[in-house]
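Worksheet: the structure to be examined is printed underneath.
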Amino acid sequence: METAGLELVEKRDAVVAAARHRQPRRIKKDFLWAYLMIAPLFLGLLIFYIWPAIQTFYFSFTKWGAFGKYSWTGLNNYAHILSDPDIKSALLNTLIYTVLSVPGSIVASLIVAILLNQKIRGVGIYRTLYFLPAVTMPAAIAVVWRWLYNGDYGLINAVLRPFGIHGPHWISDPHTALLAAIVVAIWSSIGNNMVLFLAGLQSIPSTYHEAAALDGASRTSRFLRITLPLLSPTIFFVIVMSMISAFQVFDLIYLMFGAGSTLSTNPALGAAQTIVYLFYQNAFMVDNKGYAAAIAIILFVIILCVTAVQFRLQKRWVHYS
């Protein structure tokens, strides 16, 4: 019996030793397959994002000439940015666009999400209709809104005319051009933000509202003390993404104001051009790619600082539990 017991112990020790010997090989094999799986994504990031970003940073210290030739100029591009009135105007327009469009979009999206979170007939149809602008081509949106904003035969002025209100030429008047773009931005962003807010609202347990209702809490009190705190992570995410998108706005400005036009042909373009549109002008219209790269780096730093401040301040109002 003792001999048989010793044999079993020896076999067990041998199996354990063999397993330990094979374990490093298995771990290496698992790591190899993991690296193979992430290799395509990593190569895509390296080729299409990381390397172009490094090139942009390098080109921001250069001046481009004819036939793609460039020379090192040091900090000249950044020094010119500090004294360029177009940069100051574009930065101011971008800040106004961001400050007005982001809160407006969030408030409107939250209201729509709360309304469409109710048990009403045909709620799926309403959700689809509100989400359609999010999947509509920007060119189509620009064409429709250019017609709506037309000062002579646009629908908006046609509606105002019977009330004795003579609407301006919305997108050709420097005083209303940026405001017109902000309205379109808010309208087109409601659908995407609404979906995010709906997901956040539906993740809040209904038992919280039921318990508060039994205690006599009003709807306003329940919204302020239950819904908003529990929805704060979603609100924070939407704010961060909306501000990054607002700082990078280009297609809306280009399609509504800048396509085929200049400051001389469309004075409203100067009142509506943003930082990214100014980057486009220098990079592809003026062929001043070094200065355009410096503008891109400045915009990157601004977005990085704003996002860092948002993450710093989130501890004061975002509740994750």
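Structural remarks
- One residue from VAL183, VAL144, VAL238, VAL159 being surrounded by 16 or more Cβ atoms within 10 Å (Cβ to Cβ) and without any contact (Cβ under 8 Å) to a residue 40 or more places away in the chain: VAL183
- The one condition from (1) assigned to a helix (DSSP H, G or I); (2) open to solvent by 50 Å² or more (accessible area, probe 1.4 Å); (3) polar (S, T, N, Q); (4) within 21 Å of PHE223 (Cα to Cα) that THR128 does not meet is (4).
- Residue identified as in contact with a His (Cβ under 9 Å, 6 or more places away or on another chain), at pLDDT below 90 and open to solvent by less than 30 Å² (accessible area, probe 1.4 Å) among ALA268, ALA272, ALA283: ALA268
- Every residue from the stretch 102-136 that is polar (S, T, N, Q) and under 16 Å from the mean Cα position of the chain (by Cα): SER105, SER109
- Per-region count, the stretch 72-100, residues more than 27 Å from the chain's Cα centre (by Cα), among the hydroxyl-bearing types (Ser, Thr, Tyr) and open to solvent by 40 Å² or more (accessible area, probe 1.4 Å): 1
- Conditions (1) aromatic (Phe, Trp, Tyr); (2) at pLDDT below 90; (3) assigned to a helix (DSSP H, G or I); number of the one not met by TYR153: (3)
The values are calculated or read from the model by the stated rules, or taken from the named source; none is laboratory data. Only a predicted model underlies this, so the values are computations on that prediction, with no experimental measurement involved. Don't worry about glycine lacking a Cβ; one is built from the backbone with ideal geometry, like all the others, and counts go over all protein chains shown. Only protein heavy atoms, including side chains, enter the accessible area calculation; ligands, DNA and RNA are left aside. Shrake-Rupley method; radii C 1.70, N 1.55, O 1.52, S 1.80 Å.
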